[in-house]
1. Place a +1 charge on the Cβ of each Lys and Arg in the chain and a -1 charge on the Cβ of each Asp and Glu, then give the dipole magnitude about the Cα centre in debye, rounded to the nearest 20.
2. What pairs in Lys3/Lys184; Lys102/Lys220; Lys67/Lys188; Lys52/Lys236 have C-alpha atoms more than 32 Å from each other?
3. As a quick test, which of the pairs Lys95/Lys231; Lys2/Lys126; Lys25/Lys95 have an alpha carbon distance above 31 angstrom in this structure?
4. Using a Gaussian network model on the chain with a 10 Å cutoff between Cα atoms, which of Ser90, Ser172, Ser76 fluctuates the most?
5. Of all DSSP beta bridges located in region 5-226, what percent are antiparallel, nearest 5?
6. Percent relative contact order of the chain, based on C-alpha pairs within less than 8 angstrom and at least six residues apart?
7. By how many degrees, 0 to 90 and rounded to 10, does the Cα axis of helix 152-168 deviate from the longest principal axis of the chain?
8. Which aspartates and glutamates does Lys11 reach when only Cα atoms under 14 Å apart count, and residues fewer than 8 places away in its own chain are ignored?
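No value in this document is a laboratory result; all are computed from the given coordinates. Since the structure is predicted, the reported quantities are computational estimates derived from the model, not experimental observations. So basically every Cβ, Gly included, is an ideal-geometry build from the backbone, and we count neighbours across all protein chains shown.
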Amino acid sequence: MKKKILDIIKKKNKSKIVSLTAYSKNIASIIDKFCDIILVGDSLGSVLYNYKSTREVTLNTMIEHSKSVRMGIKKSLMIVDMPHNTYRNSKEALKNAKFIMKKTKCDGVKLEGGKKIIQYVKTLVKNNIPVMGHIGVLPQSDKTFKFKGKKKSEKENIIRDAKLLEEAGAFSIVLECIETSLAKQVTKSINIPTIGIGASNNCDGQILVFDDLIGLNPIKVRFVKKYSNIKKEISKAVSKYSSEVKARKFPSKKYSY
């Protein structure tokens, strides 16, 4: 059965929310049976295109990948990242969010930020566009990657932003790379689910970049656990193919018309 926004909200304090990124139909069709939420993340900029930051990802790129992912999903909630410079004001945010929803048939969009984007979130929600928030480390705007929440001012701002996003109508919030006790405090302070990435198991759910999880991406980050070494398996398969072609074993009669 296809999941709905309300299904995700009801998981708060009951069962953990499982989320992963996907950028194509093939991957989406594999992870769909295990996930509650599949995010078409702008992380595809670095994962697939080798961009230096997610700020280089365009709206059209997000839409094309999201259309592919949509074809592979039967039950998971599909959320699409709104890329950098596509929600600089309420009018722009609404126009682009509507465009994303129309073109991709997604279930909602994700915006990064707190107090500065609250009015944009309110505008989208008012127009029946579900919004997932994202606070803590913000790849679209932070110049350096640094865990947040150790300073008193950071803690206060993150807690404030979480509450503001909830009040604005966001149905969930991604907490990226914030201190363990702060993740727990934020999660307890709001009535909508928190989804962590590098934010401890105190959150209501977790999300990882799929390519990191399977060991395809060489990234080495403390909060990423590699559950497989698919890069090694791919290498073995290609090596065998290469050897068989050179030895004239492939294609054999079985694989010829």
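1. It works out to roughly 620 debye.
2. Lys102/Lys220; Lys67/Lys188
3. Checking Cα-Cα distances, Lys95/Lys231 exceed 31 Å.
4. The residue that fluctuates most here is Ser90.
5. Looking only at bridges with both residues in region 5-226, the antiparallel portion is about 5 percent.
6. 16
7. 90
8. Reachable aspartates and glutamates: Asp36, Asp204.
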